[in-house]
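Student: Got a structure for you, questions after.
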Amino acid sequence: MPCSVDFERFRPGPKNTTLLDRYGLAGKTVVMTLGRLSASESYKGRIYKGIDEVLEAIPELTEEIVDVVYLVVRDGSDRRRLEEKAKSLGLTKHVVFTGYVPESEKVDHYRLADVFVMPSRVEGFGSVFLEAMACGVPVVASKADASW
């Protein structure tokens, strides 16, 4: 099966200063997830992409990395619940939800990340892992599904 990632497009490059300004990420350590925030795609009441678990880990992570920001890229029907969860955990300074991102900005969003994290439980293939790695971003995944 041919690789699904266009290596001419997805490759390492500088952080886009316009996006750094848009999200207030200059000088921050960026942990990123890119995926649908769909309430219908849940596993035991949590979005199966693992965003709940990352949100729950951020408070402890901020003890080690004070300037860490979790960048959640894309949108969906579960966004409001996840935003409320971030707020209830006191993470408003440490979590940014981008909303919809056009395909033309996808590579630049990957390049903002210091690490791509998606501890998914039921990922079928997970091309986002390959895209992030092609952009030179280290990846943390779950071995509970096809992402590893």
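The values are calculated or read from the model by the stated rules, or taken from the named source; none is laboratory data. What you see is a predicted model; the values in this text were computed from it and never measured. Quick reminder, even Gly has a Cβ in these numbers, built from the backbone with ideal geometry, and neighbours come from all protein chains shown.
Student: When the stretch 1-18 is examined, which residues are found to be modelled with pLDDT of 90 or more and under 20 Å from Met133 (Cβ atoms)? If you could, list the steps in order and put the result at the bottom.
Tutor: Kept after step one, since they are modelled with pLDDT of 90 or more, are these residues of the stretch 1-18: 9-18.
If the condition is that a residue be modelled with pLDDT of 90 or more and under 20 Å from Met133 (Cβ atoms), then Arg9, Phe10, Arg11, Pro12, Gly13, Pro14, Lys15, Asn16 are the ones that fit.
Residue-wise test of (1) surrounded by 15 or more Cβ atoms within 10 Å (Cβ to Cβ); (2) at pLDDT 95 or above; (3) in contact with a helix residue (DSSP H, G or I) (Cβ under 9 Å, 6 or more places away or on another chain).
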{"position": "Tyr23", "(1), (2), (3)": "yes, yes, yes"}
{"position": "Thr33", "(1), (2), (3)": "yes, yes, yes"}
{"position": "Ser40", "(1), (2), (3)": "no, no, no"}
{"position": "Thr98", "(1), (2), (3)": "yes, yes, yes"}
{"position": "Lys106", "(1), (2), (3)": "yes, yes, yes"}
{"position": "Met118", "(1), (2), (3)": "yes, no, yes"}
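Student: Also, I was wondering about something else. Restricting to the stretch 120-135, and then to whatever is of a type outside the set (S, T, N, Q) and surrounded by fewer than 21 Cβ atoms within 10 Å (Cβ to Cβ), can you tell me which residue is modelled with the lowest pLDDT? Walk me through it before giving the result.
Tutor: If we filter the stretch 120-135 for residues that are of a type outside the set (S, T, N, Q), which is where we start, we get 121-126, 128-135.
Still in the list and also surrounded by fewer than 21 Cβ atoms within 10 Å (Cβ to Cβ): 121-122, 124-126, 130, 133-134.
Details: Arg121: 67, Val122: 63, Gly124: 59, Phe125: 65, Gly126: 74, Leu130: 90, Met133: 94, Ala134: 94.
Restricting to residues being of a type outside the set (S, T, N, Q) and surrounded by fewer than 21 Cβ atoms within 10 Å (Cβ to Cβ), the top hit is Gly124.
Student: Follow-up question, since we're still on this one. Scan the stretch 136-148 for residues that are under 14 Å from the mean Cα position of the chain (by Cα) and at pLDDT 95 or above and jot them down.
Tutor: Val137, Pro138
Student: Turning to a different aspect of this structure: Run down Glu103, Glu60, Glu131 and say which single residue is farther than 30 Å from Glu8 by Cβ and not aromatic (Phe, Trp, Tyr).
Tutor: Working: Glu103 fails: farther than 30 Å from Glu8 by Cβ; Glu131 fails: farther than 30 Å from Glu8 by Cβ.
Step by step, each of Glu103, Glu60, Glu131 is checked, and only Glu60 is farther than 30 Å from Glu8 by Cβ and not aromatic (Phe, Trp, Tyr).
Student: Continuing with the same structure: Can you name every residue in the stretch 42-54 that is surrounded by fewer than 22 Cβ atoms within 10 Å (Cβ to Cβ) and at pLDDT 85 or above?
Tutor: Asp52, Glu53, Val54
Student: Of the residues in the stretch 55-71, how many are surrounded by 15 or more Cβ atoms within 10 Å (Cβ to Cβ) and closer than 14 Å to Lys28 by Cβ?
Tutor: Final tally of qualifying residues: 7.
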